[in-house]
1. How crowded by other chains is B:18-30, given as the mean number of beta carbons from other chains within 10 Å of each beta carbon?
2. I'd like to know how the stretch A:1-122 sits against the 2.2 N^0.38 Å rule of thumb: what's its Cα Rg over that expected value?
3. Inside 10 Å of the C-beta atoms of B:92-104, what's the mean count of C-beta atoms belonging to other chains?
4. Does anyone have the angle between helix A:335-350 and the longest principal axis of chain A? Alpha-carbon axes, 0 to 90°, nearest 10?
5. Below 8 Å between Cα atoms, with a sequence gap of 6+, how large is the relative contact order for the stretch A:97-218 in percent?
6. Estimate the FRET efficiency between B:K23 and A:Q257 by the formula 1/(1 + (r/R0)^6), using the beta-carbon distance for r and 45 Å for R0, to the nearest 0.05.
7. Could you work out [θ]222 nm for chain A from helices alone, using -39500 (n - 2.57) per DSSP H run of at least four and dividing by all its residues? Round to the nearest 500 deg cm²/dmol.
8. Just want to confirm a number: the relative contact order over chain A, from Cα pairs under 8 angstrom separated by 6+ residues, in percent.
Amino acid sequence: MSILSKIKELFTLSSKVNNGGGEKANMKQAAMGKMTARERINTLLDPDTFFEFDLFVKHAGKDFGMDKKELPADGVITGTGSILNHPVCIFAQDFTVAGGSLGLAHARKITKIMDHSIKMGIPLIGINDSGGARIQEGVNSLAGYGEIFYRNTLASGVIPQISVILGPCAGGAVYSPALTDFVFVVDKISKMFITGPEVIKTVLGEEISMEDLGGARIQSEITGNAHFFANSELECFEQIKKLLTLIPWSNLKRADQFPPKRPKAIYEIEKVIPTDPSRPYDIRDIINSIVDDSDFLEVQEFWAANIVIGFARLNGETIGIVGNQPLVLAGVLDVDSSDKAARFIRFCDAFNIPLLTLVDLPGYLPGVDQEHAGVIRHGAKILYAYSEATVPKMTVILRKAYGGGYIAMCSRHLGADFVFAWPTAEIAVMGPEGAANIIFKNEIAEAADPNAMRKQKVLEYTEKFANPYVAASNGYIDAVINPEDTRKILIQTFQLSKHKKESRPQKKHGVPPF
Amino acid sequence: MEDQKKINKFIIDDTIYETRLTKKFLNRKPYVIKDPKKVNAFIPGIIRNIYVKKGQHIKEGDELLILEAMKMKNVLISHGSGIIKEIKTATGDMVLKDQELIEFE
């Protein structure tokens, strides 16, 4: 055989496998509004940068007639490429081949690319579209999942791991995305659950559709399993690209620097906040008035909306922002919002992203449901995450900082590097009404006009304690600042914290209240 | 997912805040004090066997019924003594979590 015919043979062999499950299966995929695995990779990556591995890997199934079946690329495409010139490792499950089911060879292709991404220190992107375990392969399929989870855990905090759910992701398969840093879902396409509607119906007698059980909206709004919600696969890919510009390749690097940009003029910081602490406003308007180009990438926008988390740039450099949201549930901390913030803080700390905390909250949410859901252990996560973080930590108290909420929101006491307060700040054990009712309980009860007495005492308390100056007199805040100067001061303080070094006692790892 | 735009009143520490409420907050179930006279299903499942009858005197520790769930036949045992007022389920019934099964007098 001449060299030319050998090369021709290579092309023939690869084109046979390149077509995935074949024309019919590809058309079926398109009819579901889904791209094929290869289309997805080529759309997400920079043009002509995809380099495929393991195209000719064969599946390991021997039983139930599987030995006679050909499964092109064993239902998963793996390789390397770049996104906006950032190198990445990527895999995409191919639903057109045996429903993207996971057998041992399929899993080994994934773990191989995972090992590469950890070794090379570059992000890993996994596109999930799979019916689940390949049942014909039995325990080998379970072994495959386990080996993936193990690497997800090893890679955690080393390289950013991104999961994109573009189809079903059910049973054991969902635990890989759950172990990764960011989960992207697309409306009507993504479906995630441990046990599907049919099992639930036979075992428990509860009827529910796949969409209502674990569709993109449910995962984005109710469960908090997903971090980014998109209406189409293309929108989803744009979100991934944007996120990748804001985070570093690995824990040994910093995120890319960009030319600084001023916030857009429409966001006027002083006009956003009402002075009455019980009136709502959108904390994102404050964020937009501080960050470069008023460009804020919000994470988990729809879940636990009483806290806002996300990435932006300040003077061209990425920061992570955590802010109470007075617009939703008055910005209280509760089980979900504590979980949400704590995980985000740990991501930022692991990947050298400085933290900005914007405080305006009345405290923790009262209620039997909260107590019974374990708000003690969940609320403790946020204390743990802030205390543990050694990246630069800046805190600005905008308005209310009451009680446990004041401590939890990156106070000086949890190791904040700089704490600023606006003149509108109220740093106290609780709001004036609650405090007056407790401190002056007897005076109010015994007064001729209890209501008038209560009003007077609330006013007294407000004047004395509902301000930033008591905390300032103790040195718990570094400066009371003019809201207008917030951006300028933050740029200065982040700049001077750039080479911050803080050590922690030697340990294998801490034991956070998971 | 933009359906909770309404501004509501929301009280914390005697202060009334104006804010939006989340679906989860609106859907939370009020706490009900447990009635010791009622036996409820602790898990959804199927009633496989009922060992007791209406009017029967029950001692603490007596077996009441079998509730099969997740391929496990769970034996429900009486936590107290008393007379059965009513049995609100039958063998073969599929019951939901917290559904009332037996009421004591």
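Since every read-out is calculated from the coordinates, none of them should be taken as a lab result. Owing to the predicted nature of the structure, the values given are computational and were not obtained by experimental measurement. A quick note on method: Cβ atoms are made from the backbone with ideal geometry, for glycine too, and the neighbour counts reach across all protein chains shown.
1. Taking the mean over all residues of the peptide, I get 6.
2. For the stretch A:1-122, the normalised Cα radius of gyration is 1.12.
3. Numbers: counts 0, 1, 4, 2, 3, 2, 0, 0, 0, 0, 0, 0, 0.
Counting Cβ atoms of other protein chains within 10 Å of each residue's Cβ and averaging gives 1.
4. 70 degrees
5. Working: 210 pairs, mean separation 27.7, N = 122.
Reported relative contact order: 23 percent.
6. For R0 = 45 Å, the calculated efficiency reads 0.70.
7. Working: 20 runs with 198 residues, N = 514.
Using -39500 (n - 2.57) per qualifying helix, the result is -11500 deg cm²/dmol.
8. Once divided by the residue count of chain A, the mean separation gives 8 percent.
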